[in-house]
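A.B. asks: Handing you this structure, nothing more for now.
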Amino acid sequence: MNTFFIDNHGCAKNQVDAEEMAASLRRQDYQQVTRGDDADLIIVNSCGFIEAAKAESIEAVLAIRAAWPGKKILLAGCLAQRYPDQLYGDLPEADGIFGNNDLSQVGSIAADVLADRRSRLVPARRAFQPGPRDRLYGYPGMAYLKIAEGCSNNCAFCAIPLIRGPVSSRSVADIVAEFQDLLARGVYEICLIGQDLGSFGRDTAGRQLLPELLQALSALPGDFRVRLLYIHPDNFPLAILDICAADRRILSYFDLPFQHAAEPVLRAMNRKGNAAGYLELLATIRAQLPDATIRTTFLVGFPGESEADFQQLLDFQQAAKPDWLGCFAYSREEDTTAYRLKSRVAKAIALKRQHQVEEAQIAITAAALQTRVGSVRHVLVEERIDGEDLAIGRADLNAPDVDGAIVVVGGSLQAGDRLEVRISAVRGVDLEAVPLPAAPK
């Protein structure tokens with residue numbers, strides 16, 4: 001029996017793809033192993049979004065080839081989808097190149113590679129219909145559920161439409177069925193993901209279907225929580241606020257990538273909003289859901305960004321007061337609209353601006369976390385700290401991997417446990433908490 005190992009890179013959507021590829025291979029009598037040492041085939045599930053991620057994926061292939069000269073290597077994922085011909089010609093260390101349009105075909109190219117037939121396979125794009133996943137790679141008790149693939153917003157800086165295509169939505173019924181399957185398997189937190197949840201349904205129904213989906217999930221019985229990851233602020237469906245208010249299982253956690261606040265930059269990015277409108281959106285969310293958590297992303301160093309534009313972004317940051325913020329320096333990506341723009345910002349200036357945003361966010365996040373001290377939260381434990389009476393977990397205000405965590409003191413907890421805690425202190429970007437007197441569920 002042939003064995004395989006997946007070296008996964010990139011975002012949560014790539015994790016779901018890796019879970020799907022692994023399930024497909026196992027159904028075809030491949031055995032998954034947990035170490036590259038033991039694998040006949042190593043699959044590098046790559047990211048191709050920005051330059052640093054592309055370099056990381058290529059370096060992974062080179063490192064694997066150096067460590068295990070006799071192993072077969074299949075380069076899959078976004079990088080393979082974006083540059084199949086170039087990689088096939090310029091990266092002989094990879095025995096195969098596999099795009100991500102139709103993951104069900106992974107077995108075909110795996111067989112070719114293992115039979116010493118170097119090949120590339122980039123299946124034609126099709127309507128998004130994911131395959132089954134029998135094993136999950138996330139922390140115990142949580143899972144990602146991809147409700148749509150691709151994006152039709154066509155932001156000038158973004159390569160996602162080049163890689164994943166335009167938005168392609170699943171049906172509400174199909175998503176609800178998978179959601180119920182995950183609950184039956186003991187999953188407590190389900191993160192709905194897509195490039196833009198606000199665009200979900202526009203391609204199939206001609207309207208936003210996220211409110212309808214959340215209503216359908218809210219109608220389900222049981223103890224669970226739903227986290228929404230990534231809603232383009234220009235497409236935010238206000239109707240979901242009433243649903244979140246009525247059902248606390250639908251978390252009032254909103255990841256809204258504003259990217260910028262200066263109108264000249266936003267228009268050059270092909271985004272419709274403005275600082276005043278975005279602040280009004282935040283005010284509406286916080287008025288209706290006072291305990292809401294806001295995460296956002298800023299992009300600095302975009303072509304044409306002036307010092308005045310950047311100052312407006314800093315002013316917006318202070319006014320918006322997001323709980324969490326990630327900031328990135330612009331990466332010039334081939335075939336995007338922004339690639340051809342003039343007035344490029346020097347990399348050193350872009351990195352300096354990134355640092356300024358990150359420094360300014362420290363105090364904003366600290367103040368936001370301080371408001372949570374004394375509150376009671378429901379925590380899903382991710383891991384126990386060996387040798388200490390501590391556990392790391394997440395509450396409603398912590399998305400996996402990107403936000404600070406809840407450090408629970410005491411309780412002899414294990415990964416996957418759930419419990420009520422009282423927040424006792426701020427520790428950097430983390431919150432310290434003590435268990436309330438109740439057994440973990």
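A.B. asks: Nothing charged except the Cβ atoms of Lys and Arg (+1) and of Asp and Glu (-1): what's the magnitude of the dipole of the range 3-121 about its Cα centre? Round to the nearest 20 debye.
C.D. replies: 100
A.B. asks: Grab the beta carbon distance between GLU432 and ARG135, set R0 = 45 Å, and tell me the FRET efficiency rounded to 0.05.
C.D. replies: 0.85
A.B. asks: Report which label in [x] 38, 26, 22; [y] 51, 24, 20; [z] 34, 29, 22 holds the value of semi-axes √(5λ) of the Cα gyration tensor in Å derived from the coordinates of this structure.
C.D. replies: Among [x] 38, 26, 22; [y] 51, 24, 20; [z] 34, 29, 22, the one calculated here is [z].
A.B. asks: Counting only DSSP beta bridges with both residues in the chain, what percent are antiparallel, rounded to the nearest 5?
C.D. replies: Within the chain, antiparallel bridges account for around 35 percent of the total.
A.B. asks: Listing HIS355, HIS260 from the residue with the fewest other Cβ atoms within 10 Å to the one with the most, what is the order?
C.D. replies: With the sparsest Cβ surroundings first, the list reads HIS355, HIS260.
A.B. asks: Tell me, what is the percent relative contact order of the chain, built from C-alpha pairs under 8 Å that lie six or more residues apart?
C.D. replies: Worked out over the chain, it gives 9 percent.
A.B. asks: Another question, if that's okay. May I ask what percent, to the nearest 5, of DSSP beta bridges between residues of the range 142-370 are antiparallel?
C.D. replies: 10
A.B. asks: Straight-line reach from LYS272: which lysines have Cα under 25 Å away, leaving out those fewer than 8 places along the same chain?
C.D. replies: Counting by Cα, and skipping residues close in sequence, LYS272 has these lysines nearby: LYS321, LYS342.
A.B. asks: Follow-up question, since we're still on this one. Would you work out the relative contact order for the range 111-263, in percent, from Cα pairs under 8 angstrom that are 6 or more residues apart?
C.D. replies: Once divided by the residue count of the range 111-263, the mean separation gives 19 percent.
A.B. asks: Neighbouring Cβ atoms within 10 Å as the yardstick, rank PHE179, PHE98, PHE128, PHE302 fewest first.
C.D. replies: PHE128, PHE179, PHE302, PHE98
A.B. asks: Apply the a/c threshold of 1.5 to the C-alpha gyration tensor of the range 376-435 and tell me whether it is rounded, prolate or oblate.
C.D. replies: rounded
A.B. asks: Sort MET1, MET269, MET142 so the one with the fewest other Cβ atoms within 10 Å of its own Cβ comes first.
C.D. replies: Exposure proxy ranking, most exposed first: MET1, MET142, MET269.
A.B. asks: Any cysteines in the chain with zero other Cys Cβ atoms under 4.7 Å from their Cβ? List them, or say none.
C.D. replies: So far as the 4.7 Å Cβ criterion goes, CYS11, CYS47, CYS78, CYS151, CYS191, CYS244, CYS327 stand without a partner in the chain.
A.B. asks: Size of the dipole of the chain about the Cα centre, Lys and Arg at +1 and Asp and Glu at -1 on the beta carbon, nothing else charged, in debye to 20?
C.D. replies: So the dipole magnitude of the chain works out to roughly 680 debye.
A.B. asks: Taking Cα centroids, how far is the range 258-335 from the range 162-197 in Å?
C.D. replies: After rounding, the separation between the Cα centres reads 27 Å.
A.B. asks: Also: Specify which residue in the list PRO123, HIS9, ALA348 is farthest towards the positive end of the charge dipole of the chain, using unit charges on the beta carbon of Lys, Arg (+1) and Asp, Glu (-1), about the Cα centre.
C.D. replies: PRO123
A.B. asks: Does the range 5-102 come out rounded, prolate or oblate, given a ≥ b ≥ c as the square roots of the eigenvalues of its C-alpha gyration tensor, rounded meaning a/c under 1.5 and, failing that, prolate meaning a/b above b/c?
C.D. replies: In terms of gyration-tensor shape, oblate.
A.B. asks: Over the range 197-303, what is the relative contact order in percent, taking alpha-carbon pairs closer than 8 angstrom and at least six residues apart?
C.D. replies: Over the range 197-303, the number comes to 26 percent.
Throughout, read-outs are computed from the coordinates displayed, never taken from laboratory work. On a predicted model such as this, the values are computed, not experimentally measured, just so you know. Using ideal geometry, Cβ is built from the backbone for each residue, glycine included, and neighbour counts are taken over all protein chains shown.
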